[in-house]
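For reference, the structure is listed below as structure tokens.
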Amino acid sequence: MAKKKEFKRDEADFFQAIALIAEEKGLSIEQVKEAFKIGLEAGVKRTYNAQGKVTVDVEINDIEKTIIPKVCFLVVEEKTLDNPNFPIEMQVLLSDQLKIDKNVKPGDIIKKTINPEKDFQLYAVRDFKNRFNERLNRFRKEIILNQFQDIKGKLVTAKVTDVDRNGYDLLVNNQVAFMTARDAHKKEFKPGDYIKAIVKGVEEKERWPKLLLTINGEEFIKQIMAHHIPEIKSGEVEIVAVAREEGQRTKVGVRSLVDGVDPIGATMGESSSRINDILRDINFTDELSPKLLSDERRSLERLEVFLWVDNEKDLITNALKPAKIITATGLDYQKREVTVVVEKDDIQVAIGKGALNVKLAGKCINWKISIVTPEEMEEEGRIY
């Protein structure tokens with residue numbers, strides 16, 4: 001950021017200073033002019049010890065590139081305390097003004113050029129700067145809040161700047177952000193790390209607005225997938241449902257909305273390139289070596305994508321993959337309950353560690369799934 005330029009005495013330097021501040025703060029000339037005017041009012045009020053409202057004018061000449069600050073006085077025949085717009089300190093006598101201008105009359109507004117550096121004393125300068133900066137910050141805060149609302153619910157890339165027991169301080173395009181330890185879901189990041197996260201909201205309690213980020217929830221998975229899979233972003237492939245247990249396992253049902261597009265192939269990518277990129281992002285690791293995938297996979301969040309179909313029995317079978325299903329039977333469409341038969345040797349895969357496979361499959365497709373073996377079906381005298 002360019003070094004702040006102090007206000008100089010001539011009008012061209014006023015213009016240059018305001019233009020520079022507008023550029024630095026990302027504001028318009030009109031916004032900086034308004035802040036400058038409000039600051040002037042505070043400085044004038046202190047300078048003239050005015051007990052009520054004061055009026056100032058800021059004239060901008062875009063052609064000559066000058067700014068002329070002026071303070072307004074009301075011409076009166078006799079000063080009075082009854083004027084709500086011009087306190088007695090901002091009134092000038094007609095008799096005095098006639099010595100300067102013979103055409104002046106009561107009710108005229110006299111504008112006198114004022115220079116904050118030259119005409120303001122210490123406390124007036126302080127008041128001017130305080131009010132000026134307050135209004136600038138208010139404009140900047142409004143702009144930032146509007147920008148934040150535009151990205152709420154979206155995926156962003158953030159840089160970790162600090163870590164404490166409560167969570168992580170981050171930067172998103174030079175804007176301050178925070179992610180609680182809970183929203184980081186036991187992930188450990190360090191300053192300098194770049195991560196992808198969802199903007200879950202905006203915190204306005206502090207002096208400056210702050211983005212609130214999270215890597216929890218199904219939306220994080222959806223947007224990571226859309227980021228890496230063009231067919232999802234274009235609408236050719238649809239993510240129908242997601243069920244997730246953060247840090248452990250996620251199931252995603254996808255289908256094609258365009259003939260000739262394979263949703264599973266689009267998700268996997270050539271040589272599994274796309275699915276590996278997605279796994280890197282959700283596990284916050286740079287590499288997914290064969291050894292890591294095979295020997296340490298349980299330390300990573302697994303992502304399983306299945307084909308979403310209209311036939312409910314086939315959908316249930318697809319959702320329970322990688323388990324090999326013999327059949328789905330006894331479908332109760334009203335209660336959304338189903339019994340799924342699997343071989344005894346495959347029951348652990350069907351249920352999954354911590355029952356996650358059957359739990360997430362059921363949540364994803366909205367079915368309550370009971371897993372049984374053929375032997376159990378026979379013992380109960382049930383036909384399948």
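Distant-in-sequence amide contacts of Val202, defined by a placed amide H-H separation under 5 Å and a gap of 5 or more residues or a different chain, comprise Leu212. For Lys190, the aspartates and glutamates whose Cα falls under 18 Å of its own Cα, not counting residues fewer than eight places away in the same chain, are Asp162, Asp164, Asp169, Asp281, Asp286, Glu287. Taking 25 Å as the cut-off for C-alpha to C-alpha distance, list the pairs among Lys25/Lys205; Lys210/Lys251; Lys186/Lys359; Lys53/Lys118; Lys200/Lys233 that go past it. Lys210/Lys251, as the Cα separations exceed 25 Å there. Sequentially through the range 221-228, phi angles give Karplus couplings (6.51, -1.76, 1.60; θ = phi - 60°) of 5, 4, 6, 5, 5, 4, 5, 9 Hz, Gly and Pro residues having no value and appearing as x. Under 5 Å between amide hydrogens, built in the peptide plane, is the criterion, and for Ile114 it picks out Lys70, Val71 among residues at least 5 positions away or on other chains.
Given that compact globular proteins tend to follow 2.2 N^0.38 Å, what is the ratio of the alpha-carbon Rg of the range 11-146 to that value? Walk me through the numbers on the way to the answer.
Details: Rg = 16.5 Å, N = 136, 2.2 N^0.38 = 14.2 Å.
Dividing the Cα radius of gyration by 2.2 N^0.38 Å gives 1.16.
Sequence-distant contacts, meaning Cα pairs under 8 Å at least 6 residues apart, place the relative contact order of the range 11-146 at 30 percent.
Given Cα pairs under 8 Å that are at least 6 residues apart, what percent is the relative contact order of the range 319-384?
Details: 99 pairs, mean separation 22.4, N = 66.
Once divided by the residue count of the range 319-384, the mean separation gives 34 percent.
Footprinting exposure proxy ranking of Ile282, Ile144, fewest other C-beta atoms within 10 angstrom first, gives Ile144, Ile282.
Shape call for the range 217-308 from the C-alpha gyration tensor, a ≥ b ≥ c root eigenvalues: rounded (a/c under 1.5), prolate (a/b greater than b/c) or oblate? Intermediate results must be reported in sequence, preceding the final value.
Numbers: a/c = 2.03, a/b = 1.56, b/c = 1.30.
Prolate shape, in that a/c is at least 1.5 and a/b is the bigger ratio.
Antiparallel as a % of all DSSP beta bridges within the chain, to the nearest 5?
Details: 45 of 61 bridges.
For the chain, the DSSP antiparallel bridge percentage is about 75.
Under the simplified labelling scheme, the Asp262-Asn166 pair shows an inter-label distance of 5.1 nm, with each label point 7 Å from Cα along Cα→Cβ.
Can you put Glu378, Glu337 in order of Cβ neighbours within 10 angstrom, beginning with the fewest?
Details: Glu378 11, Glu337 14.
By the 10 Å Cβ count, ascending: Glu378, Glu337.
Note on Asp259, Asp346, Asp162: ascending count of other Cβ atoms within 10 Å places them as Asp259, Asp162, Asp346, the fewest first. In order along the range 51-61, the Karplus-derived 3J(HN,Hα) couplings, from 6.51 cos²θ - 1.76 cosθ + 1.60 at θ = phi - 60°, round to 8, x, 5, 10, 10, 10, 9, 10, 8, 10, 10 Hz, and Gly and Pro are given as x. Each residue of the range 256-270 was assigned a 3J(HN,Hα) from its phi angle through the Karplus expression (A = 6.51, B = -1.76, C = 1.60, θ = phi - 60°), giving 8, 9, 10, 4, x, 9, 8, x, 5, x, 5, 5, 6, x, 5 Hz with x at Gly and Pro.
Straight-distance candidates among the aspartates and glutamates for linking to Lys99, with alpha-carbon spacing under 17 Å and chain neighbours fewer than 8 residues away dropped: Glu77, Glu78, Asp108. Each residue of the chain gets 247 Å³ once the volume of the Cα convex hull is shared out per residue.
Readers should treat all values here as calculations from the given coordinates under stated rules, not as data from a laboratory. Source: prediction; values computed, not measured. Heads up, the Cβs are rebuilt from the backbone with ideal geometry, glycines too, and the neighbour counts pull from every protein chain shown.
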